[in-house]
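K.L.:
One structure is given below, represented as structure tokens, and several questions about it will come after.
Please treat every number below as a calculation from the coordinates, not as lab data. For clarity, every value in this text was computed on a predicted model and none was experimentally measured. Every residue, glycine as well, gets a Cβ built from its backbone with ideal geometry; the counts of neighbours run over all protein chains shown.
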Amino acid sequence: MSNKTLTYLLGAVLIGMMVIFFSNVATFFYEPTSEKYLDYNFVRGMAVEHKGKKYTLNFEQQNQVTQQLNQAIHVRRQNFEQNSVTPNFERIIIYLFDEPDLVISPIGFVNNQLIFEAADWNPDGYLRETGPGVLKSLLSTTYDP
């Protein structure tokens with residue numbers, strides 16, 4: 001090989017090493033944002049409280065609820081009670097391993113999307129489901145009307 005080829009090869013290797021180095025160092029300066037509120041492996045069980053009775057969700061229902069809760073977005077604390085449909089259940093209780101239970105209080109349904117309060121996840125406001133009413137249809141099948 002000629003000196004010119006070796007110089008280009010050495011330059012390419014050094015540039016590649018610098019790119020890898022700086023991409024690894026950059027992770028120390030920022031924290032990736034994660035909207036994940038609940039880990040599937042930490043959920044011991046879930047229940048929906050309706051008229052004072054707790055109805056336990058099966059494993060598939062728990063996974064669907066967990067998925068929808070993890071996709072929820074923060075919304076400001078507004079007066080959603082006047083513009084929403086009142087939910088038929090009082091609260092969702094999430095039983096966790098090695099941590100206190102989480103209680104989710106529904107505020108109402110706006111455009112079939114659940115607006116709920118979870119003080120551990122958003123102490124200054126509410127959370128809103130992003131799906132097209134998935135929680136409304138799912139949670140209505142978990143208890144006897």
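K.L.:
Under 10 Å, Cα contacts only: if you run a Gaussian network model on the chain, which one of GLU49, GLU99, GLU117 comes out with the highest mean-square fluctuation?
P.N.:
Of GLU49, GLU99, GLU117, the most mobile in the Gaussian network model is GLU99.
K.L.:
Also, I was wondering about something else. Quick one: dipole size for the chain, taken about the Cα centre, charges +1 on Lys/Arg Cβ and -1 on Asp/Glu Cβ, in debye to the nearest 20.
P.N.:
Rounded to the nearest 20 debye, it is 380 debye.
K.L.:
Relative to the present Cα-Cα distance, how much length would full extension add between THR7 and THR141 at 0.36 nm per residue of separation?
P.N.:
Between THR7 and THR141, full extension yields 41.4 nm more.
K.L.:
Also: Stretched out fully, how many nm does the piece from ASN88 to TYR55 gain, at 0.36 nm a residue minus the Cα gap?
P.N.:
Numbers: separation 33, 0.36 × 33 = 11.88 nm, distance 1.28 nm.
Between ASN88 and TYR55, full extension yields an extra 10.6 nm.
K.L.:
List residues of the range 87-110, by number, whose backbone nitrogen lies under 14 Å from a label position 7 Å along Cα→C-beta of ILE73.
P.N.:
Within reach of a label on ILE73, which here means backbone N under 14 Å from a point 7 Å along Cα→Cβ, the range 87-110 contributes nothing.
K.L.:
How many nm separate the modelled label positions at ASN41 and ASP124, each set 7 Å beyond the Cα in the direction of the Cβ?
P.N.:
Those two pseudo-labels are separated by 3.2 nm.
K.L.:
On to the next question. Quick one: give the max-minus-min coordinate of the C-alpha atoms of the chain along each principal axis, largest first, in Å.
P.N.:
In descending order, the Cα extents are 83, 32, 26 Å.
K.L.:
Can you put MET46, MET18, MET1 in order of Cβ neighbours within 10 angstrom, beginning with the fewest? The partial results should precede the final answer.
P.N.:
Numbers: MET46 27, MET18 10, MET1 6.
By the 10 Å Cβ count, ascending: MET1, MET18, MET46.
K.L.:
Separate question: For the range 61-145, what ratio Rg/Rh do Cα atoms give with a Kirkwood hydrodynamic radius?
P.N.:
Values: Rg = 12.3 Å, Rh = 13.2 Å.
Here the Rg-to-Rh quotient is 0.94.
K.L.:
Per residue of the chain, what 222 nm ellipticity follows from adding -39500 (n - 2.57) for every DSSP H run with n ≥ 4, rounded to the nearest 500?
P.N.:
Values: 3 runs with 43 residues, N = 145.
Rounded to the nearest 500, it is -9500 deg cm²/dmol.
K.L.:
Just to confirm my numbers, what's the Cα centroid distance between the range 12-28 and the range 36-84 in Å?
P.N.:
Cα centroid of the range 12-28 versus Cα centroid of the range 36-84: 42 Å apart.
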